[in-house]
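The values are calculated or read from the model by the stated rules, or taken from the named source; none is laboratory data. Bear in mind that the values here come from a model prediction, so they are computed numbers and not experimental data. Note that we place each Cβ from the backbone using ideal geometry, even for glycine, and neighbour counts take in every protein chain shown.
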Amino acid sequence: MNHPEMTSFVEDIFERLRATRAAGQDEYARNSENVFANFDRIATLLDQSREEVILTYLMKHLDGIISHVRGHVGQREGIEGRFDDLHVYLLLLQASIVYRQVERYTFTIDASEVHVAGLPCPCGGADETCVFPSCQT
(Lines give C-alpha, C1' and ligand atoms only; values in the text may rest on other atoms or scores of the structure.)
Protein backbone atom coordinates (compact mmCIF):
# COMPACT_ATOMS: atom_id res chain seq x y z
CA MET A 1 0.00 0.00 0.00
CA ASN A 2 1.43 3.36 -0.97
CA HIS A 3 0.78 6.73 0.69
CA PRO A 4 -2.10 7.86 -1.59
CA GLU A 5 -3.79 4.47 -1.15
CA MET A 6 -3.47 4.77 2.63
CA THR A 7 -4.85 8.31 2.55
CA SER A 8 -7.86 7.12 0.56
CA PHE A 9 -8.31 4.13 2.90
CA VAL A 10 -8.31 6.40 5.97
CA GLU A 11 -10.72 8.90 4.41
CA ASP A 12 -13.12 6.08 3.51
CA ILE A 13 -12.98 4.84 7.11
CA PHE A 14 -13.63 8.34 8.48
CA GLU A 15 -16.75 8.60 6.29
CA ARG A 16 -18.01 5.21 7.51
CA LEU A 17 -17.27 6.15 11.14
CA ARG A 18 -19.30 9.35 10.83
CA ALA A 19 -22.23 7.35 9.44
CA THR A 20 -21.87 4.61 12.07
CA ARG A 21 -21.77 7.11 14.92
CA ALA A 22 -24.77 9.03 13.61
CA ALA A 23 -26.80 5.84 13.17
CA GLY A 24 -25.86 4.68 16.67
CA GLN A 25 -26.82 8.06 18.10
CA ASP A 26 -30.27 7.84 16.56
CA GLU A 27 -30.82 4.20 17.45
CA TYR A 28 -29.36 3.97 20.95
CA ALA A 29 -29.04 7.36 22.62
CA ARG A 30 -32.46 8.60 21.40
CA ASN A 31 -31.57 11.98 22.90
CA SER A 32 -29.92 14.80 20.98
CA GLU A 33 -29.11 16.58 24.24
CA ASN A 34 -27.01 13.69 25.59
CA VAL A 35 -24.99 11.56 23.19
CA PHE A 36 -24.18 9.26 26.12
CA ALA A 37 -27.81 8.67 27.15
CA ASN A 38 -27.84 4.93 26.48
CA PHE A 39 -24.55 4.44 28.34
CA ASP A 40 -25.84 6.51 31.25
CA ARG A 41 -29.01 4.40 31.43
CA ILE A 42 -27.04 1.15 31.46
CA ALA A 43 -24.50 2.56 33.92
CA THR A 44 -27.32 3.35 36.33
CA LEU A 45 -28.81 -0.14 35.96
CA LEU A 46 -25.45 -1.85 36.50
CA ASP A 47 -24.07 0.60 39.08
CA GLN A 48 -21.06 1.35 36.88
CA SER A 49 -19.60 4.47 35.38
CA ARG A 50 -20.50 5.53 31.87
CA GLU A 51 -16.90 4.94 30.87
CA GLU A 52 -16.96 1.37 32.20
CA VAL A 53 -20.05 0.66 30.11
CA ILE A 54 -18.48 2.14 26.96
CA LEU A 55 -15.31 0.15 27.65
CA THR A 56 -17.34 -3.07 27.91
CA TYR A 57 -18.87 -2.45 24.48
CA LEU A 58 -15.45 -1.55 23.10
CA MET A 59 -13.90 -4.73 24.50
CA LYS A 60 -16.60 -6.88 22.85
CA HIS A 61 -15.44 -5.67 19.44
CA LEU A 62 -11.76 -5.92 20.37
CA ASP A 63 -12.38 -9.53 21.41
CA GLY A 64 -13.92 -10.22 18.00
CA ILE A 65 -10.92 -8.66 16.25
CA ILE A 66 -8.54 -10.76 18.37
CA SER A 67 -10.53 -13.89 17.42
CA HIS A 68 -10.24 -12.92 13.75
CA VAL A 69 -6.48 -12.38 14.01
CA ARG A 70 -6.19 -15.80 15.67
CA GLY A 71 -7.95 -17.49 12.75
CA HIS A 72 -11.66 -17.46 13.62
CA VAL A 73 -12.83 -15.57 10.54
CA GLY A 74 -16.38 -16.95 10.30
CA GLN A 75 -17.93 -14.57 12.80
CA ARG A 76 -21.51 -13.30 12.71
CA GLU A 77 -20.32 -9.70 12.17
CA GLY A 78 -17.71 -8.90 9.52
CA ILE A 79 -14.28 -7.66 10.55
CA GLU A 80 -14.81 -4.23 8.91
CA GLY A 81 -17.87 -3.64 11.10
CA ARG A 82 -15.94 -4.68 14.19
CA PHE A 83 -13.17 -2.20 13.40
CA ASP A 84 -15.70 0.56 12.68
CA ASP A 85 -17.53 -0.08 15.96
CA LEU A 86 -14.24 -0.27 17.88
CA HIS A 87 -13.20 3.13 16.50
CA VAL A 88 -16.58 4.66 17.35
CA TYR A 89 -16.46 3.30 20.92
CA LEU A 90 -12.90 4.63 21.32
CA LEU A 91 -14.13 8.07 20.21
CA LEU A 92 -17.09 7.87 22.58
CA LEU A 93 -14.82 6.85 25.46
CA GLN A 94 -12.39 9.66 24.69
CA ALA A 95 -15.20 12.20 24.39
CA SER A 96 -16.74 11.06 27.67
CA ILE A 97 -13.45 11.29 29.55
CA VAL A 98 -12.47 14.66 28.06
CA TYR A 99 -15.97 16.08 28.56
CA ARG A 100 -15.97 15.04 32.22
CA GLN A 101 -12.57 16.69 32.71
CA VAL A 102 -13.80 19.93 31.19
CA GLU A 103 -17.07 19.68 33.17
CA ARG A 104 -15.08 19.24 36.37
CA TYR A 105 -12.89 22.27 35.74
CA THR A 106 -15.49 24.62 34.30
CA PHE A 107 -17.60 27.05 36.25
CA THR A 108 -19.61 30.13 35.41
CA ILE A 109 -18.92 33.72 36.43
CA ASP A 110 -21.18 36.46 35.09
CA ALA A 111 -22.70 34.05 32.54
CA SER A 112 -19.26 33.32 31.02
CA GLU A 113 -17.64 29.92 31.20
CA VAL A 114 -14.25 29.89 32.87
CA HIS A 115 -11.88 26.94 32.53
CA VAL A 116 -9.17 26.17 35.05
CA ALA A 117 -5.67 26.38 33.60
CA GLY A 118 -3.62 23.22 33.31
CA LEU A 119 -6.04 21.08 31.33
CA PRO A 120 -5.46 20.54 27.63
CA CYS A 121 -8.04 22.35 25.59
CA PRO A 122 -10.69 20.08 24.06
CA CYS A 123 -10.66 22.13 20.85
CA GLY A 124 -6.93 21.43 20.43
CA GLY A 125 -6.28 25.06 19.51
CA ALA A 126 -8.54 24.81 16.46
CA ASP A 127 -11.15 27.29 17.71
CA GLU A 128 -9.97 30.91 17.61
CA THR A 129 -12.84 31.99 19.87
CA CYS A 130 -12.03 29.43 22.57
CA VAL A 131 -11.73 30.84 26.10
CA PHE A 132 -9.79 27.87 27.45
CA PRO A 133 -6.57 29.23 29.05
CA SER A 134 -4.27 26.84 27.19
CA CYS A 135 -5.60 28.29 23.91
CA GLN A 136 -4.87 31.87 24.89
CA THR A 137 -1.57 33.26 23.64
Every residue in region 19-55 that is more than 20 Å from residue 84 (Cα to Cα) and part of a loop (DSSP other than H, G, I, E, B), please. 30, 31, 32, 33, 34, 47, 48, 49
Before we move on, is residue 80 touching a helix residue (DSSP H, G or I) at 6+ places or on another chain (Cβ under 9 Å), part of a helix (DSSP H, G or I) and closer than 22 Å to residue 9 by Cβ? yes
Selected residue (criterion: nearest to residue 80 (Cα to Cα)) from residues of region 1-18 that are exposed (fewer than 11 other Cβ atoms within 10 Å of the Cβ) and of a type in the set (A, V, I, L, M): 10
For region 68-77, check the following and say yes or no: at least one residue is surrounded by fewer than 15 Cβ atoms within 10 Å (Cβ to Cβ), of a type in the set (Asp, Glu) and at pLDDT below 90. yes
